[in-house]
Amino acid sequence: MSGRRRRSNIGRSTVNARRLKIFSTSNKMVDTDNLTAVLYGINDLRLEQRPIPEPKDDEVLLKMEVVGICGSDVHYLVHGRIGPFVVEKPMVIGHEAAGTVAKVGKNVKDLKEGDRVAIEPGVGCRKCNYCREGRYNLCRDMAFCATPPFDGNLARYYVHAADFCFKLPDHVSLEEGALLEPLSVGVHACKRGNVGIGDTVLVLGAGPIGLVTLLTAKAFGASKVIIMDLVQSRLDTAKDLGADYTVLADSKASEEDTIQKIIDTLGCQPTKSIDCVGFEMTTRVAIQSTRTGGMVVLVGLAQPNVNFPLSDLLLREVDVRGVFRYVNDYPTALEMVATGKVNVKPLITHNFKMEDTLSAFHTSRTGEGNAIKVLIHANPEWGK
């Protein structure tokens, strides 16, 4: 993609979204409406019709139902890239999703037409050492939805590997199924941090990932969770979700004052800290706030290089672990939702029809209406 800024298409569609039907040679009515959200470049998101794909032997064709907008989707829209991943050709957006099985490949045994599923969006090569060791999130050939050069799933129809589709119990909604994706990030972060009974956890950032990390830490048995953010409305939501303490950050405050404010509010140093922001200051605050012998988990990636307080890592043996998406965490996330250990529904603040995708992205991008999680309903029958 060139470096020049393209004319914005936000707020207008490039297609007629009319639903189409044709008859096949067998006289069976066939759906040909596969309205799809395609990112062409910076601020150039379009709705267009694409062919309905056919599933391969180990895949399923999904009638998409719900797709959430992730911060990474907005980042690709605004910047055209995330680190080394650059949008160089038109890319279908979207990866937080749930749908209904419309057709199965001949080798698929565990799913059938009509099953409602949550979609884990990343599929490894299955052959490399990382995949065979069960750490497929580190696979160099990972095909991840809406990460260049791979298309995402914000469309009426989409095909996906059957074994990365998780059947939803009848009492779990499709909206909850879509939110298993961000929830899995929180699950992986808490697993990487060995969060458990008796832990006191600091979460930096009360955006969607910070909030699901809060929910997960509480579900994993943390005795206290304190969460910090610059926006009071997000902290109010965190409090409603079970945060024991909240700290309104001051962007002009010194690092030392911020650390002291956290410790004074909590009454002690946290045993575990999880940075869901990723700026140098939040990383440094997380490390220096954590008690001696504790652990810091880095989830957010706002800056590729930061200055670490090495004395804390060495002299106080504060461990630091990184997080890249999730791995083998969807079953845990689904179990937490299905058993009622975690309620993700309060995170949903806005719902849009597929035809209103551009408006949905505007809401997510600007945060209008205190937006937390914005959902797009791909099924044209939704809301009728």
- When THR213 is evaluated against the numbered criteria (1) buried (at least 23 other Cβ atoms within 10 Å of the Cβ); (2) of a type in the set (Ser, Thr, Tyr); (3) over 18 Å from ASP319 (Cα atoms); (4) more than 22 Å from the chain's Cα centre (by Cα), which criterion, by number, is the only one it fails? (4)
- Taking region 255-267, which residues are assigned to a loop (DSSP other than H, G, I, E, B) and either modelled with pLDDT under 95 or surrounded by 14 or more Cβ atoms within 10 Å (Cβ to Cβ) (or both)? none
- Task: Report whether or not GLY94 is part of a loop (DSSP other than H, G, I, E, B) and surrounded by 20 or more Cβ atoms within 10 Å (Cβ to Cβ).
- Result: yes
- Item | Residue, farthest from GLY340 (Cα to Cα), within region 231-272, restricted to residues that are in contact with a Gly (Cβ under 9 Å, 6 or more places away or on another chain) and of a type in the set (A, V, I, L, M) | VAL231
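Among the residues in region 118-128, are any aliphatic (A, V, I, L, M) and not in a strand (DSSP E or B)? Walk me through it before giving the result.
So the first thing to find is which residues in region 118-128 are aliphatic (A, V, I, L, M), and the list is 118-119, 123.
Add one more test, that the residue is not in a strand (DSSP E or B), and what stays is none.
Checking region 118-128: not a single residue is aliphatic (A, V, I, L, M) and not in a strand (DSSP E or B).
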- Task: For region 276-284, indicate whether the set of residues that are on the phi < 0 side of the Ramachandran plot, assigned to a loop (DSSP other than H, G, I, E, B) and not hydrophobic (A, V, I, L, M, F, W, C) is non-empty.
- Result: no
- Task: Identify the residue in region 61-85 that is farther than 20 Å from MET354 by Cβ and either over 13 Å from the mean Cα position of the chain (by Cα) or outside the structural domain of THR32 (by TED's automatic domain parsing) (or both) and, among all such residues, is surrounded by the most Cβ atoms within 10 Å (Cβ to Cβ).
- Result: GLY80
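Mind listing whichever residues of region 51-60 are in contact with a Leu (Cβ under 8 Å, 6 or more places away or on another chain) and either surrounded by fewer than 17 Cβ atoms within 10 Å (Cβ to Cβ) or assigned to a loop (DSSP other than H, G, I, E, B) (or both)?
Quick first cut of region 51-60, residues in contact with a Leu (Cβ under 8 Å, 6 or more places away or on another chain) only: 52-55, 60.
Scanning region 51-60 gives ILE52, PRO53, GLU54, PRO55.
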- Item | Options GLU355, GLU368; residue that is free of Cβ contacts under 8 Å to residues at least 60 places away in the same chain and not basic (Lys, Arg) | GLU368
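Does ASP44 fit the bill of being of a type in the set (D, E, K, R), surrounded by fewer than 17 Cβ atoms within 10 Å (Cβ to Cβ) and at pLDDT 50 or above? I'd like the intermediate steps shown before the answer.
On the way: of a type in the set (D, E, K, R): yes; surrounded by fewer than 17 Cβ atoms within 10 Å (Cβ to Cβ): no; at pLDDT 50 or above: yes.
Answer is no for this residue.
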- When SER251 is run through (1) closer than 26 Å to GLY322 by Cβ; (2) modelled with pLDDT of 95 or more, the failure sits at (2)
- Checked region 346-384 for anything in a helix (DSSP H, G or I), small (Gly, Ala, Ser) and more than 15 Å from the chain's Cα centre (by Cα); matches are SER359, ALA360
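Would you mention how many residues in region 112-131 are more than 17 Å from the chain's Cα centre (by Cα) and either exposed (fewer than 13 other Cβ atoms within 10 Å of the Cβ) or in contact (Cβ under 8 Å) with a residue 60 or more places away in the chain (or both)?
At the first step, the residues of region 112-131 found to be more than 17 Å from the chain's Cα centre (by Cα) are 112-116, 124-131.
Now drop any that are not either exposed (fewer than 13 other Cβ atoms within 10 Å of the Cβ) or in contact (Cβ under 8 Å) with a residue 60 or more places away in the chain (or both), which leaves 112-114, 116, 126-127, 129.
Residues that pass the stated criteria total 7.
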- Query: Looking at region 326-345, which of the residues that are touching a helix residue (DSSP H, G or I) at 6+ places or on another chain (Cβ under 7 Å) and assigned to a loop (DSSP other than H, G, I, E, B) is farthest from GLU120 (Cα to Cα)?
  - Reply: LYS341
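The values are calculated or read from the model by the stated rules, or taken from the named source; none is laboratory data. Being a predicted model, the structure only gives us computed values, none of them experimental. Neighbour counts are summed over all protein chains in view; Cβ atoms, including those assigned to glycine, are modelled from backbone coordinates with ideal geometry.
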